[in-house]
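Each reported figure results from applying straightforward, stated rules to the coordinates on display, with no laboratory input. Model, not experiment: these values are computed from the prediction. Positions of Cβ are backbone-derived with ideal geometry, glycine not excepted, and every protein chain shown enters the neighbour counts.
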Amino acid sequence: MLVCDSYAEGTSWYGCGLDIEDNGGSFGHTGAMDGTTSTVHCDVSGLTWCLLLNAWAQDVDLDGVVKFALTTVPGQPFWQEVPLPPRPHQCVLYSRDRSQCVAVLVPHHALHGLLAEMRGQYIPTHVSALSNKHEVLFTIIFIQCSSTNEWSFEMDIPQEVIESSLQTCMKKGTVLVFEVYLLHGKVNFVIIVKHGPVVHQQHGYVVGSLEDHKRNWSDWARQHFTLQTLSMLDQGGHYCIACLLEQVGCNEIMCVSQFI
């Protein structure tokens, strides 16, 4: 699929269904239909990215957008586990109508303040933690909400008490975020919950191996649960997998939490 045809010239060509760049070092494909745009790209730098958008892209060069974003990271690339220099301000990107925003690479010490600042205007729907040897960086997706949409968060929850913490949060409403990260060599979690009546039954678990996750996921899938969030921490082959499931269409409102 990556072989260069004899008639192709230069360092870029079209293979068997793939766009080839960097003399074969990078490959991927971009496609779009009315109302959707997507791209997947394996870059020569060692990074791989995939974008799935439910809208037509104004800039069809999605890979170029990602590459430009990577050039704005100060200092050495964060994926090489090199500490970043102090950032004078948070990088928060807003959609044109300001209905959505994304906070990119927020350091751990600034996460609490950012979430508190956004409360009353936006509600976080996704958090992704990047743990390396030096620090923890968070990328958060927010959507605009009314001031009546109450939500709260807990961070730096140690693994020893995560079961009781998640159960307490589920009693307040619907858990939106269940993310695991490594802080000072110890496993911690962040939970974000939207307050109010529970519409769908939720279930959460934390396991230490891929085999345990597959077994748990299979058991709950047979009970018509779907995957809501999945977060995995890899410590040199030792895993910590945090999974949040949701049963859509459940008539009985009930919160369950089981851990292994």
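Points to keep in mind about this one:
- Within region 114-260, DSSP assigns beta bridges of which about 95% are antiparallel (rounded to the nearest 5).
- Residue-span extension gain [residue 22 to residue 134] - 0.36 nm each, minus C-alpha spacing: 37.2 nm
- Radius, Kirkwood style, for region 134-181 when every pair of distinct Cα atoms is counted (Å): 12.9 Å
- The ranking of 117, 211 by Cβ neighbour count inside 10 Å, starting from the fewest, reads 211, 117.
- Max mean-square fluctuation residue, GNM over the chain, Cα-Cα springs under 10 Å, options 198, 207, 66: 66
- Simple spin-label estimate for residue 152 and residue 54 in nanometres, 7 Å along Cα-Cβ: 3.0 nm
- Note on 222, 119: ascending count of other Cβ atoms within 10 Å places them as 222, 119, the fewest first.
- Translational diffusion of the chain, µm² s⁻¹ [Kirkwood Rh, Cα pairs; Stokes-Einstein; 37 °C; 0.692 mPa s]: 158 µm²/s
- Fully extending the segment from residue 159 to residue 9, taken as 0.36 nm per residue of separation minus the present Cα-Cα distance, adds 48.5 nm.
- Region 87-148 - percent relative contact order, Cα under 8 Å, separation 6 or more: 36 percent
- Ordered by the count of other Cβ atoms within 10 Å of each Cβ, fewest first, 42, 16, 169, 240 give 16, 42, 240, 169.
- Amide H contacts of residue 201 (H built 1.01 Å from N, in plane; Pro and chain starts excluded): 247, 250, 254 sit under 5 Å, all sequence-distant by 5 or more or on other chains.
- In the chain, the longest principal axis of the Cα atoms and the axis of helix 162-172 are about 80 degrees apart.
- Hz values of 3J(HN,Hα) by residue in region 129-143 - Karplus curve (6.51, -1.76, 1.60), Gly and Pro given as x: 9, 10, 9, 10, 5, 10, 6, 10, 10, 10, 10, 10, 9, 10, 10
- For region 1-72, a simple Cβ point-charge model (Lys and Arg +1, Asp and Glu -1, everything else neutral) yields a dipole of about 180 debye relative to the Cα centre.
- The chain - share of DSSP beta bridges that are antiparallel (%, nearest 5): 95 percent
- Centroid-to-centroid separation of region 220-245 and region 151-179 [C-alpha atoms, Å]: 15 Å
- Dipole magnitude of the chain, debye to nearest 20 (Cβ charges: Lys/Arg +1, Asp/Glu -1, about Cα centre): 840 debye
- Calculated from backbone phi, Karplus (6.51, -1.76, 1.60) coupling profile of region 38-55 in Hz, x at Gly/Pro: 8, 7, 9, 8, 9, 8, 5, 5, x, 8, 10, 9, 9, 10, 10, 10, 9, 7
- With the cut-off at under 11 Å, measuring from each backbone N in region 155-189 to a point 7 Å along the Cα-to-Cβ line of residue 195 picks out 172-173.
- When restricted to Cα atoms, region 150-260 yields an Rg and a Dmax of 13.6, 43 Å, respectively.
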